[in-house]
1. Using a/c under 1.5 as the rounded threshold, could you call segment B:62-334 rounded, prolate or oblate? The axes a ≥ b ≥ c are square roots of the C-alpha gyration tensor eigenvalues, and prolate needs a/b larger than b/c, oblate otherwise.
2. Ignoring everything except DSSP H segments at least 4 long, calculate the 222 nm mean residue ellipticity for the protein assembly as shown; use -39,500 (n - 2.57) per segment, divide by total residues, nearest 500.
3. Among rounded, prolate and oblate, which fits chain A when a ≥ b ≥ c are the square roots of the eigenvalues of its C-alpha gyration tensor, a/c under 1.5 means rounded, and a/b larger than b/c means prolate?
4. In a Gaussian network model over chain B where Cα atoms closer than 10 Å are linked, find which of B:Ile138, B:Ile301, B:Ile252 has the largest mean-square fluctuation.
5. Just to confirm the number: angle between the C-alpha axis of helix B:2-12 and the first principal axis of chain B, 0 to 90 degrees, nearest 10?
6. Distance between the C-alpha centers of segment B:266-308 and segment A:65-141? Whole Å please.
7. Who wins for biggest fluctuation among A:Leu115, A:Leu143, A:Leu191 in a Gaussian network model of chain A, springs between alpha carbons below 10 Å?
8. Work out the FRET efficiency for B:Ser51 and B:Ile327 from their Cβ-Cβ distance, taking R0 = 22 Å, and round it to the nearest 0.05.
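Throughout, read-outs are computed from the coordinates displayed, never taken from laboratory work. As the structure is a prediction and not an experimental result, all values here were calculated from the model. Quick reminder, even Gly has a Cβ in these numbers, built from the backbone with ideal geometry, and neighbours come from all protein chains shown.
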Amino acid sequence: MGDTAEPLLETRGLSKRFGGVHALERFDFQLAPGEVVALAGDNGAGKSTFTKIVSGVYLPSDGEILVGGRPVTFDGPQDARRQGIETIYQDLALADNLDIGANVFLGRELMTRFLFLPRVDRRRMREEAAGALAVLDVHLDRLDRPVRALSGGQRQAVAIGRAIHFDARVIIMDEPTAALGVPEQRKVMDLIRNLRAKGLGVIFISHNLADMFAVSDRIVVLRRGQLAGERRVGDTEPEEIVRLMVGRDGAA
Amino acid sequence: MSATGIASAGRAQGSGRRNLLATVASLRAWLFLIVLLVTFEIWSQVAYGVSFIASGANIRSIAVFAVAPVLLGLGQTLVIISGGIDLSVGFTMGLASVIAALVVNATGNALGDGGALVAAIVAALAVCLVPGWVNGQIVARLKVPPFICTLGMYGVTRGAAYIIANGTTVPVSNSWLTTLGNGRIAGFPIVVLVTLLIVLAVHYLLAESLTGQYTYAIGGNSQATLRAGVDVRKLTTRLYILSALTAGIGGILYTGRFAAGAPQAGEPLLLDSIAAVVIGGASLFGGSGTVSGTIIGALIIAVIQYGLVFLDVEPFWQFIAVGLVIIVSVLVDQSQKRIGGGGRADG
């Protein structure tokens, strides 16, 4: 997508301090529509601090967040989600005992009526959830089973389907391929490419360099809370990213 | 390690055995009930030459025996599905029984029998709101494990019931209240009809309403439910209040049936209520359970209790029988989960 497009998400001088610890310092970041950006960095580099700020969990100590070019502040995760930023957590935030409809619509259930009594409309939720998954090219043969019966990739799809069904523009994925087998990892990669094709922005956090190179357009490297470097995937190689992560090369 | 072995062996045997086991597990409560009824029928025919099942009096008695386990089991079902447990139901029932008796006696002259009954019901249920609300707040807000919190409340309600009753039972004479406890409409005991209404209400709540949907969601993943914007605290509090209220209704009906308020009215019902839920197929880890399952569970308990009385067996055997049914029931559930491999996050 073009450089002319307004970034979906932008941060300027974003900082977060916990007491004397500078978890994130003056971090500038941009995410364009249809772009997949990988965040790389060691533990404690600031990746999760950053994602927690832009998903409304933390308030920044300093700096600006812009969504679609408009400065915003997030009053909690619900607010960030309302403004189109959805985080897919590692534990997927699914209720294992419920079916896909109940999970996709959790907290936003569709209701119907029986005589004068309100009822949860399970059938319509299932059908619409199946529709949301079909958009991601995921097809389930049975919709009435609890999601614990699904594979890891399918469960990711439910979590993502939930996000896009509610018009998320930016999807943050924290280690989406951890704890998955190789075929399932490929499915998650396909899901991410699918989101890119639909013009969503994806922030992708991973420890796996091969995954980053396979799916992202750009890799942003954080080190000790600061931007250590930023590379287009076509213009770099894994060794360079590792050097940026550990900081042995001053060429950033 | 052995669990993995069993799981893979089960898979190797194909789906036939797995399906059979899953079916057996899902219907186990029904199977128990049928086996129990058949056993008692044969026993009764052989020992006394009369039918156990084909007797209106027996069926009515079993239904009346089932009233308290059903009512307390309903509240317990809600709490257990949400991942909690309520150990205070038994003495909340006793407290309600005592309050109902005292209020009926105190207001009988001023309000007449009918008015006094209404006052007693309102007062007893109002008092039950207190332990229910406090349980809910402590569990949901202060994150005290439900087992500990409601164990404490078990002590509080127990002590309060005995203190308010002055350490003894409180006899009542109120024609409306005893009619509620012992009367019949078209042959059906009124206590059973009242219980059926509560069953329908709780079934709607759990199976159809948003509250029910969130009860399952909290039991499945309370973090996810919270993140989805659901007010988990409020919901959890509501469930403990409902549990206390169903116990309170049980206490009022008890006072009507025995024409006396008794602090110990619900003493055996803590175990019975949990047993009904577990026999009915709910998981004590939360996330699953149904009203119909709990009712079957309560009926099994009632059949055992009444059946052994009917067959003139020493009543203490009922504890052993109910205990064994609980254990077998959980064993069937676990072996199905292990072999079915439909399991939890550990796969």
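1. Values: a/c = 1.71, a/b = 1.27, b/c = 1.35.
Taking the square roots of the gyration eigenvalues as a ≥ b ≥ c, segment B:62-334 is oblate.
2. Details: 22 runs with 345 residues, N = 599.
Rounded to the nearest 500, the figure is -19000 deg cm²/dmol.
3. Numbers: a/c = 2.12, a/b = 1.60, b/c = 1.32.
Judged from the Cα gyration tensor, chain A comes out prolate (a/c at least 1.5, a/b above b/c).
4. Comparing B:Ile138, B:Ile301, B:Ile252 in a Gaussian network model of chain B, the most mobile one is B:Ile138.
5. 70 degrees
6. 35 Å
7. Comparing A:Leu115, A:Leu143, A:Leu191 in a Gaussian network model of chain A, the most mobile one is A:Leu115.
8. After rounding, the FRET efficiency stands at 0.15.
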